[in-house]
């Protein structure tokens with residue numbers, strides 16, 4: 001039985017949704033930091049700040065944890081990334097730690113940042129290394145939220161996490177550099193992975209979570225096709241391997257099933273119809289396990 005730390009805050013909603021879709025629903029009340037997952041492979045579950053999770057996983061308090069790679073680097077935790085979960089607080093995709101200044105500053109890249117600038121950030125270790133590598137001495141001020149609001153009145157530079165940069169822009173800032181790109185990761189303790197039973201449980205939970213993530217980008221297409229149009233339709237269809245083809249009872253038709261990328265469906269349906277496909281259905285997929 002394994003223990004898991006899940007992130008509180010910006011990643012919380014997307015993480016809970018992922019576990020629910022994987023049939024590992026996290027059951028708790030709004031103020032319950034000791035939720036439960038009704039699966040015999042999972043024991044203790046905690047909802048914690050993502051900043052804390054990598055070190056707690058390293059120390060063996062948890063076998064698995066979900067946090068961003070940014071917090072792994074900031075904490076210096078020695079953990080194993082067993083899966084890239086590739087989601088952020090608003091959906092799919094990676095995030096970036098960037099350097100920003102006020103839009104009126106005559107600075108277009110990080111090399112132009114003045115020595116002794118006041119820099120605020122939630123990532124002091126990452127930021128310190130970055131400016132040290134550039135050879136620019138700065139004064140670091142740890143931030144505990146709303147970092148972008150402190151420039152230019154209190155600070156000269158902000159180092160912050162962003163998905164699109166829109167919040168920084170709304171606050172009158174411009175991005176002049178990027179430090180790292182980060183993503184949400186499933187992290188494991190080294191000792192837990194060396195335990196055969198825990199390793200099996202970790203692998204099985206990982207398979208379920210990744211199955212959901214892959215399925216989010218795919219759909220099942222089914223259609224009926226007259227026999228004379230079968231080759232034309234199959235030529236149009238993409239597939240994970242090959243389409244599944246079966247003859248319909250009593251008529252000269254075939255049924256075809258295949259999995260395709262969701263983003264391709266709208267462009268695929270017209271040529272399928274033109275090739276002779278009928279009764280086309282698009283069906284959501286909950287998991288894909290390869």
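The values are calculated or read from the model by the stated rules, or taken from the named source; none is laboratory data. Keep in mind it's a predicted model, so treat the numbers as computed, not measured. Backbone-built Cβ (ideal geometry, glycine too); neighbour counts: all protein chains shown.
Details
- Of everything listed in (1) surrounded by fewer than 17 Cβ atoms within 10 Å (Cβ to Cβ); (2) farther than 30 Å from residue 18 by Cα, the single unmet condition for residue 238 is (2).
- Filtered by the rule that a residue be within 11 Å of residue 277 (Cα to Cα) and surrounded by fewer than 17 Cβ atoms within 10 Å (Cβ to Cβ), the stretch 201-223 gives a lone residue, 222.
- Condition met for residue 44 (touching a strand residue (DSSP E or B) at 6+ places or on another chain (Cβ under 6 Å) and under 26 Å from residue 123 (Cβ atoms)): no
- Options 149, 188; residue that is over 13 Å from residue 95 (Cβ atoms) and surrounded by 20 or more Cβ atoms within 10 Å (Cβ to Cβ): 188
- Scanning the stretch 125-132 for any residue that is in a strand (DSSP E or B) and at pLDDT 90 or above turns up nothing.
- Some residue of the stretch 206-218 being over 22 Å from residue 93 (Cα atoms) and in contact with a helix residue (DSSP H, G or I) (Cβ under 8 Å, 6 or more places away or on another chain): no
- Among (1) in contact (Cβ under 8 Å) with a residue 60 or more places away in the chain; (2) over 29 Å from the mean Cα position of the chain (by Cα), the one test that residue 160 misses: (2)
- Only residues that are in contact with a strand residue (DSSP E or B) (Cβ under 7 Å, 6 or more places away or on another chain), assigned to a helix (DSSP H, G or I) and farther than 18 Å from residue 95 by Cα were counted in the stretch 55-71, giving 2.
- Sub-7 Å Cβ pairs linking a first residue in the stretch 206-218 that is closer than 16 Å to residue 187 by Cβ to a second residue that is part of a helix (DSSP H, G or I), at least 6 apart or interchain, are 209/18, ordered by first then second residue.
- A single entry from 161, 193 fulfils the requirement of being surrounded by 13 or more Cβ atoms within 10 Å (Cβ to Cβ) and either outside the structural domain of residue 37 (by TED's automatic domain parsing) or in a loop (DSSP other than H, G, I, E, B) (or both): 161.
- Some residue of the stretch 168-179 being surrounded by fewer than 17 Cβ atoms within 10 Å (Cβ to Cβ) and either in a helix (DSSP H, G or I) or without any contact (Cβ under 8 Å) to a residue 60 or more places away in the chain (or both): yes
- Any hit, the stretch 240-252, residues being under 17 Å from residue 217 (Cα atoms), modelled with pLDDT under 95 and in contact with a strand residue (DSSP E or B) (Cβ under 6 Å, 6 or more places away or on another chain): yes
- Boolean, residue 99 is in the same structural domain as residue 167 (by TED's automatic domain parsing), closer than 30 Å to residue 13 by Cα and crowded, with 16+ Cβ neighbours inside 10 Å: yes
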